[in-house]
1. Please give the contour-minus-distance gain from ASP61 to VAL24: 0.36 nm per residue of separation, less the Cα-Cα distance, rounded to one decimal in nm.
2. Using the number of other C-beta atoms within 10 angstrom as an exposure proxy, rank ARG86, ARG57 with the fewest first.
3. Given N residues in the chain, what is Rg(Cα) / (2.2 N^0.38 Å)?
4. Through the Karplus equation 6.51 cos²θ - 1.76 cosθ + 1.60, θ set to phi - 60°, convert the phi angles of region 27-38 into ³J(HN,Hα) values in whole Hz; use x for Gly and Pro.
5. Name the long-range amide H neighbours of THR20: under 5 Å, sequence gap of 5 or more, or other chain; modelled H, no Pro or chain starts.
6. In vacuum, with every alpha carbon of region 1-44 counted as one equal point scatterer, what does the Debye formula give for log10 I(q)/I(0) at q = 0.23 Å⁻¹? Two decimals, please.
7. Mean residue ellipticity at 222 nm from the helices of the chain, using -39,500 (n - 2.57) per DSSP H segment of n ≥ 4 over the full residue count, to the nearest 500 deg cm²/dmol?
8. Between helix 60-72 and the chain, what is the angle of the helix's C-alpha long axis to the longest principal axis, kept within 0 to 90° and rounded to the nearest 10?
Amino acid sequence: MVAERMAHYESEPEILVWFTEWGVWPSGERPHIFTRLRASYGENRPLIETPGHVFQRLEQDDAISFVTLGVLFLWAVYVVGGSGNRLVHYSHDEVGWSAL
């Protein structure tokens with residue numbers, strides 16, 4: 001479902017993936033995976049300090065990977081297109097909505 005919704009962002013110049021809530025369901029999280037993924041992009045600051053990640057058009061798969069981990073960990077995450085015309089939200093309560 002993440003990849004399907006993210007397909008709507010293919011024409012966006014940039015994609016913001018913004019995490020707004022985590023730690024609600026600690027038993028379903030594996031933050032070490034996310035920390036290591038962020039480190040592979042050169043981001044070593046804690047998520048609380050840098051909750052947003054901007055991806056360029058050619059980094060669509062990277063953005064999908066970040067969103068997928070957020071969904072799997074039951075974190076709240078927003079995906080905003082650079083044009084301002086697209087918005088997807090996944091909540092920690094397994095509810096999602098989109099304005100595409």
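1. Working: separation 37, 0.36 × 37 = 13.32 nm, distance 2.63 nm.
Separation in residues times 0.36 nm, less the Cα-Cα distance, equals 10.7 nm.
2. Working: ARG86 19, ARG57 14.
So the ranking, lowest neighbour count to highest, is ARG57, ARG86.
3. Numbers: Rg = 12.7 Å, N = 100, 2.2 N^0.38 = 12.7 Å.
For the chain, the normalised Cα radius of gyration comes out at 1.00.
4. 3J(HN,Hα) across region 27-38, in whole Hz: 5, x, 9, 9, x, 4, 4, 5, 4, 5, 4, 4.
5. Counting only residues 5 or more places away or on other chains, the set is ALA76, VAL77, TYR78.
6. Each listed q corresponds, in turn, to -1.05.
7. On the way: 3 runs with 28 residues, N = 100.
Computed mean residue ellipticity for the chain: -8000 deg cm²/dmol.
8. 40
Every number here is computed from the coordinates shown, using simple stated rules; none is lab data. Nothing here was measured: the structure is a model prediction, and the numbers come from that model. All Cβ positions, glycine included, derive from the backbone under ideal geometry; neighbour counts span all protein chains shown.
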